[in-house]
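Shown next, in structure tokens, is the structure this report addresses.
The values are calculated or read from the model by the stated rules, or taken from the named source; none is laboratory data. From a predicted model like this one, the values you see are computed outputs, not experimental measurements. Neighbour counts run over all protein chains shown; Cβ positions are idealised from the backbone, glycine included.
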Amino acid sequence: MARERGDARISFYEQISSNKRKSLVLMSIILLVLVLIGYVVSFAFDPGSFFFIMIIAIIFSISYTLFGYYNSDRIAVISVGAWPADVHKYREYNNVVEGLSLASGLPKPKLFVMRGSQINAFATGRDEKHASVCVTEGALEKLNKQELEGVLAHELSHIANYDVRFMTLSAVLIGMVAIISEIFLRSLWFRGGNDDSKGNAILMVIGIVLAILAPIAANLVGLAISRKREYAADASGVKFVRSPTGLKNALLKIKHEQNIPDRNIHVSKAVAPLFMSDPFKKKISGIFATHPPLEKRIEILERM
């Protein structure tokens with residue numbers, strides 16, 4: 001019997017390409033929102049101030065994220081209290097990553113272990129030469145070799161896809177939107193009320209609405225980009241190991257422990273989006289979620 005349309009096989013190549021295209025489209029939307037609010041806000045005051053406002057936003061936003069970008073591997077690892085994965089004590093962990101590095105053509109990243117009884121992991125670093133991978137103690141204890149390989153292939157995919165660099169660019173653009181909105185809303189307190197032009201009044205209202213809504217919209221788009229990068233890393237991980245089984249079974253184990261709190265894990269909200277699954281186990285779905293639903297990820301892997 002013919003396979004139903006909804007159960008059609010998915011090529012990991014198609015999945016990777018599709019999610020990368022969608023990420024670029026979403027990034028373009030943030031850029032469009034940035035230009036739109038910059039134009040409307042500057043035009044509401046002085047059309048000649050457009051470039052001045054944009055330059056200020058760029059300088060502040062880039063300065064704010066530049067330090068974090070160049071030190072992302074160290075900051076993330078230190079913030080979760082991780083320690084180096086000694087090659088003798090964590091032999092299988094090191095061996096699996098070495099094998100995946102050979103298969104993917106990536107240099108072996110620095111390996112770390114962190115406290116936590118639940119299964120989780122993250123990768124960080126601005127490029128393949130400054131990359132680190134960290135797993136929880138729970139991941140090393142509960143996953144068999146095939147499942148651990150699937151998880152680590154997913155994390156190496158984030159490095160191969162330059163996801164930290166991509167998400168940093170997204171953060172810069174979102175930060176610029178927030179800065180421009182803040183500049184505009186604060187400047188209203190110092191703006192005189194002598195200009196009664198109907199056209200300027202309309203622009204002022206549009207500017208206020210955009211200044212309030214644009215940061216919210218940009219953050220929602222940023223969350224969507226984060227979810228798409230997780231789907232892409234799943235597919236790229238399958239490409240590295242040529243099988244979705246290990247990652248799928250690891251996600252099933254993560255799903256089964258979703259309702260079990262982990263009091264041993266200490267993670268800041270800033271680092272949480274880096275993890276393979278939400279370390280806080282928050283039941284947030286849809287457009288406000290940092291990670292795609294585990295059920296959806298498992299379903300896609302089953303169809304590969």
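Quick notes
- Residues in region 238-272 that are in a helix (DSSP H, G or I) and of a type in the set (K, R) were compared, and the one that is farthest from I298 (Cα to Cα) is K239.
- Test: residue in region 146-160 that is modelled with pLDDT under 90 and either over 13 Å from the mean Cα position of the chain (by Cα) or not basic (K, R) (or both): yes
- Filter result (assigned to a helix (DSSP H, G or I) and surrounded by fewer than 18 Cβ atoms within 10 Å (Cβ to Cβ)) within region 72-95: R74, I75, I78, S79, R91, E92, N94, N95
- The listed residue being among the aromatic types (F, W, Y), at pLDDT below 75 and assigned by TED's automatic domain parsing to the domain that holds L36, out of F190, F240: F190
- Flag for A235 being part of a helix (DSSP H, G or I), hydrophobic (A, V, I, L, M, F, W, C) and out of contact with any Lys or Arg (no Cβ under 8 Å at 6 or more places or on another chain): yes
- Residues in region 289-304 that are of a type in the set (A, V, I, L, M, F, W, C) and under 17 Å from the mean Cα position of the chain (by Cα) were compared, and the one that is nearest to D234 (Cα to Cα) is L294.
- Scan of region 110-138 for residues that are touching an Asp or Glu at 6+ places or on another chain (Cβ under 9 Å), modelled with pLDDT of 90 or more and assigned to a helix (DSSP H, G or I), ordered by number: G138
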